[in-house]
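Structure record follows, encoded as structure tokens.
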Amino acid sequence: MKKLVLSIAILVGASACQKNFLELKPQSQANVDNFYKTANDFGNAVNGAYDALQMANQYGGDYNTLVETRSDNVLDNDPSSSAGLRYNIDRFIEPTTNTVLRDTWGSLYTGINRCNLILDKIDAVTIDAPLKARYKGEAQFIRALSYFNLVRLWGKVPLVLTAGTTTEARSYKRNEVTEIYAAIEKDLTDAAAGLPASYTGNDVGRATSGAAKGLLGKVYVTAKKYDLAVSTLKELVNGTTYQLLPDIASVFSVTNKNNAEILFAVKFKKGGTLGEGHGLWYGTSIGDNIEPSLRAAYPSGDKRLPLTVQVPVPNNILAVPRKFYDDLSSTNDVGNDFPVLRFADVLLLYAEALNEVGYQADGDAFNVLNRIRTRAGVATYTNTQLTTKEAFRSAVINERRLELALENDRWFDLVRTGTAVDAIKVTGITMPAYRTVYPIPQSEIDVYNSKTNFPQNEGY
């Protein structure tokens with residue numbers, strides 16, 4: 001997909017290296033209109049939207065810092081690297097000028113703008129109907145995922161659903177969180193209706209209807225719409241398309257991509273000249289960067305614990321967690337896919353939603369939760385151990401930490417359950433309560449210069 005970056009960036013006026021949402025190059029309307037004419041044009045444009053997810057400021061690397069290192073799972077032990085940019089995020093002392101925040105914000109809106117262009121143009125072009133529905137669904141899925149990440153990281157953000165000009169962008173405001181979630185839910189509902197259930201050949205790995213439904217269920221749980229989450233996730237849980245693999249380590253094997261447990265992953269490929277690979281995730285040369293409380297939380301004999309162990313990388317000074325180990329290529333990159341959503345996550349979300357709708361001592365929530373426990377090789381829970389809704393909720397959130405460690409879920413789980421401050425305290429770090437959202441990048445605050453329409457988040 002990287003080979004499309006230059007052409008797509010020129011067309012949409014937002015390059016991969018943009019540092020500010022408002023630094024959009026003026027669009028050449030003639031170029032844009034001339035490009036979006038054929039099915040192949042839209043196929044290339046959709047690839048460009050996927051490409052945004054691969055960027056170093058998203059799933060290519062920095063998103064791990066913003067979400068996982070921020071949590072109680074990972075430590076950044078190097079205050080000197082890059083002038084402490086990532087260390088400060090880990091320690092809750094990042095300033096509003098932190099460039100990791102700025103560049104991730106810009107990267108997310110780059111992807112959104114690419115999706116908006118597709119959705120603005122595609123209905124006016126004659127394309128095979130199922131293919132048109134698929135392209136629209138892919139753009140809606142990527143836009144929804146991007147906004148889901150934005151709203152969880154920053155709270156109120158500009159909700160932009162059409163490809164605007166720089167002049168129009170200056171009038172944007174920070175929309176209410178409820179408005180953003182409504183747009184996300186609509187995009188995913190539409191995507192689920194338009195996307196195919198599966199693909200063949202080179203298209204395997206694109207967003208599917210199942211991925212859209214799974215992400216929608218996750219959105220509903222985050223928004224505490226538990227009834228809707230249950231009805232949405234139940235179809236996936238009771239279906240046959242997705243399943244837990246017998247060996248959890250095989251889920252992450254670079255030789256077993258697109259397996260039956262993966263609903264959606266951001267795809268990478270190492271060793272090429274087009275930049276399709278990425279650097280070593282959670283790599284460290286300064287001790288072990290896995291927070292001790294994470295490993296201490298695993299029961300004896302848990303098969304997931306070894307996946308958190310740092311493995312030395314041959315011919316390199318770094319060690320990385322076994323979950324994301326891959327041999328370096330001749331171009332010094334690796335090719336792990338990043339699992340945005342997998343079936344184990346769906347099962348745990350479903351168990352959580354069932355419990356929130358109503359705790360049942362003999363209900364299906366126990367069976368679903370215990371499917372995860374059984375695969376991990378640890379004792380299952382009984383209703384004599386988890387006797388209340390609150391006890392079951394705590395067990396599910398802890399299970400999510402163990403099962404989904406290093407997969408960018410822990411921080412958001414802590415925030416949505418109101419337990420972030422206490423959890424971070426265990427690591428020896430004091431987290432101010434207002435830092436459950438990041439500061440709006442100072443570059444955005446300065447450009448908009450409006451305390452009414454574009455205020456800074458409280459506390460910053």
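A few notes on this one:
- Of everything listed in (1) on the phi < 0 side of the Ramachandran plot; (2) of a type in the set (Phe, Trp, Tyr); (3) assigned to a loop (DSSP other than H, G, I, E, B), the single unmet condition for Phe92 is (1).
- Extreme residue, surrounded by the most Cβ atoms within 10 Å (Cβ to Cβ), among residues of region 337-379 that are of a type in the set (Asp, Glu) and under 22 Å from Asp247 (Cβ atoms): Asp345
- Among the residues making up region 241-295, those that are in a strand (DSSP E or B), of a type outside the set (Gly, Ala, Ser), surrounded by 20 or more Cβ atoms within 10 Å (Cβ to Cβ) and at pLDDT 95 or above are Ile262, Leu263, Phe264, Val266, His278.
- Verdict on Ile429 being assigned to a helix (DSSP H, G or I) and of a type outside the set (Gly, Ala, Ser): no
- Selected residue (criterion: nearest to Ala265 (Cα to Cα)) from residues of region 296-317 that are crowded, with 16+ Cβ neighbours inside 10 Å and either β-branched (Val, Ile, Thr) or without any contact (Cβ under 8 Å) to a residue 60 or more places away in the chain (or both): Thr308
- Residue count, region 161-204 (criterion: more than 16 Å from Asn453 (Cβ to Cβ), of a type in the set (A, V, I, L, M) and surrounded by 15 or more Cβ atoms within 10 Å (Cβ to Cβ)): 8
- Qualifying positions in region 43-62 - assigned to a helix (DSSP H, G or I) and at pLDDT 95 or above: Gly43, Asn44, Ala45, Val46, Asn47, Gly48, Ala49, Tyr50, Asp51, Ala52, Leu53, Gln54
- Residue within region 292-300 that is more than 21 Å from the chain's Cα centre (by Cα) and of a type in the set (A, V, I, L, M) present: yes
- Some residue of region 420-427 being over 30 Å from Asp76 (Cβ atoms) and of a type in the set (A, V, I, L, M, F, W, C): no
- Every residue from region 379-407 that is touching a residue at least 40 places away in the same chain (Cβ under 8 Å) and more than 28 Å from the chain's Cα centre (by Cα): Ala379
- Given (1) loosely packed, with under 14 Cβ neighbours inside 10 Å; (2) of a type outside the set (Val, Ile, Thr); (3) in contact with a helix residue (DSSP H, G or I) (Cβ under 7 Å, 6 or more places away or on another chain); (4) within 18 Å of Leu347 (Cα to Cα), index of the condition Asn238 fails: (3)
This table checks each residue for (1) at pLDDT below 95; (2) under 19 Å from the mean Cα position of the chain (by Cα); (3) more than 17 Å from Ala52 (Cβ to Cβ).
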{"residue": "Leu131", "(1), (2), (3)": "no, no, yes"}
{"residue": "Tyr135", "(1), (2), (3)": "no, no, no"}
{"residue": "Glu138", "(1), (2), (3)": "no, yes, no"}
{"residue": "Arg143", "(1), (2), (3)": "no, yes, no"}
{"residue": "Ser146", "(1), (2), (3)": "no, yes, no"}
{"residue": "Lys156", "(1), (2), (3)": "no, yes, yes"}
{"residue": "Leu161", "(1), (2), (3)": "no, no, no"}
{"residue": "Thr166", "(1), (2), (3)": "yes, no, yes"}
{"residue": "Ala169", "(1), (2), (3)": "yes, no, yes"}
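The values are calculated or read from the model by the stated rules, or taken from the named source; none is laboratory data. Everything numeric in this text was worked out from a predicted model, so none of it was measured. Backbone-built Cβ (ideal geometry, glycine too); neighbour counts: all protein chains shown.
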